[in-house]
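Undergrad: Here it is, the structure, as structure tokens.
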Amino acid sequence: MSAPTGSVPSGPPDTAAAGAAPSAGVPAAGAPAGAPVPGASSGGAPSVPRCRLPGPPSLSRTVRPARRGGPVPGLRYRPAVPADPGKVREVDRRLEDWARRFDLFPPAWLEDFAGFQVGRAVVLQHPGAADLERLTVAGELLLAENLVDDCYCENEGKGGSPRGLGGRLIMAQSAIDPYHGTPELEEQWRLGMQADGPLRSYHLALRDYAAFATPSQSTRFVHDIARLHLGYLAEAAWTETGHVPEVWEYLVMRQFNNFRPCLSIVDAVDGYELPEAVYSRPEIQRITALACNATTIVNDLYSFTKELAHDPTHLNLPQVIAAREKCGLRTAYLRAVEVHNRVMQAFEEESAELSATSPVVARYAEGLAAWVAGNHEWHATNSHRYHLPNYW
């Protein structure tokens, strides 16, 4: 581990509380992101009123000169198995060919595709993959999930929006969970699933996955995508109403809107099956959820500056902690690191105990741990997408 749980390096103090007005003289090492946080919503739990977080008015002007990569200081993580460059190149080649062949996204997005480093991501995340074909399909699924997120959900200039999201996501779910009815209506459904790149990518990727996965593994993935879509809808609802959830509410949403579909395929990609009766046991579900939650908080930490530079109201764990616990963003960020470390420690300890009970459970737990380690490595080294705030 890079650091024991709770070991977060000290740094410059916050310059203001969450509700204070920003100061033009805040140093770069203070809490950047002086931007409004979404305000109250009608109904449900009480919401935080709209306010300005501490820091300079422009996050981007403050953060860009201090760009840095590498691991978040004090973050608990396991080193990943290094990615084989030859495998990375071959998986990327196959994925680019797949995307071009089925016209999954416009040529203008190729630079983003290269910067995303899908091949490197899946090679890092699945060091025990049985073969290149399975690695490639893992990449297809990852690419498809991101196409749906970008084109349907995220408001980043690629068509996504919280408005009307439910209608788009039910069609996306249908691309992997087919409609059954009369022959004429089924044919209309098949034609409808060719309507755009996100639908085609979902449909084709699951078809390729089902070619080597067992029916129960395929169904597991379909159910986890439904969970992901439910999380997307919760986040979209909060965005539309301007609601800032409680910290625990935000983390509940992130237990659905997270990497779980990617981790649910680790056994199939490695060439075996964790039996459904074992996978369904509460203790296995718990270590799966802990692994998924830990690695999703990693995403919040590494994407923090990118998201706030694009949209200062975008919800992430440090933002929610700052708003709900009335602290500056630097303090909130370091508290988010602590939350991650405690979740990560629970995963490590509980998966170690379960691994002693069964060789197949041990193999599954190791697959989860390897995915989490690889995903962290991908985030920590992908300078095209991520840069850390200057908090240390």
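Undergrad: With r as the distance between the Cβ atoms of Ser174 and Asp103 and R0 = 25 Å, compute the FRET efficiency 1/(1 + (r/R0)^6) and round to 0.05.
TA: Computed FRET efficiency for Asp103 and Ser174 comes out at 0.80.
Undergrad: Follow-up. Assuming 0.36 nm per residue, please report the length gained on full extension of the stretch Arg68 to Ala356 beyond their Cα-Cα distance. Mind dumping the intermediate values first?
TA: Numbers: separation 288, 0.36 × 288 = 103.68 nm, distance 3.98 nm.
Extra length from Arg68 to Ala356 when fully extended: 99.7 nm.
Undergrad: Along the Cα→Cβ direction, 7 angstrom out, place labels at Thr214 and Trp248. What is the inter-label distance in nm?
TA: 3.7
Undergrad: Another one. Tell me, how many Å apart are the Cα centres for region 181-207 and for region 229-292?
TA: Region 181-207 and region 229-292 have Cα centres separated by 25 Å.
Undergrad: If R0 is 41 Å, what FRET efficiency do you get for Gln188 and Trp392 from their C-beta distance, rounded to 0.05? Working shown, then result.
TA: On the way: r = 57 Å, r/R0 = 1.38.
Efficiency, from the Cβ-Cβ distance: 0.15.
Undergrad: If you don't mind, there's one more thing I want to ask. Hey, what does the equivalent ellipsoid look like for region 244-392, semi-axes from the Cα gyration tensor as sqrt of 5 times each eigenvalue, largest first, whole Å?
TA: Details: eigenvalues 182, 52, 33 Å².
After scaling each eigenvalue by five and taking roots: 30, 16, 13 Å.
Undergrad: If R₀ is 25 angstrom, what is the calculated FRET efficiency for the pair Glu325 and Asp112, using the beta carbon separation as r and rounding to 0.05?
TA: The pair Glu325/Asp112 has a calculated efficiency of 0.10.
Undergrad: Which percent of the Cα-Cα distances in region 92-196 go past 19 Å?
TA: 53
Undergrad: How far apart, in nm, are the 7 Å Cα→Cβ label points at Arg385 and Glu90?
TA: Computed distance between label sites Arg385 and Glu90 equals 2.4 nm.
Undergrad: Follow-up question, since we're still on this one. What nm distance separates the two modelled labels at Glu366 and Glu283, each placed 7 Å from Cα along Cα→Cβ?
TA: 1.9
No value in this document is a laboratory result; all are computed from the given coordinates. These figures come from a predicted structure and were not determined experimentally. Cβ sites come from the backbone with ideal geometry, for glycine too, and all protein chains shown count toward neighbours.
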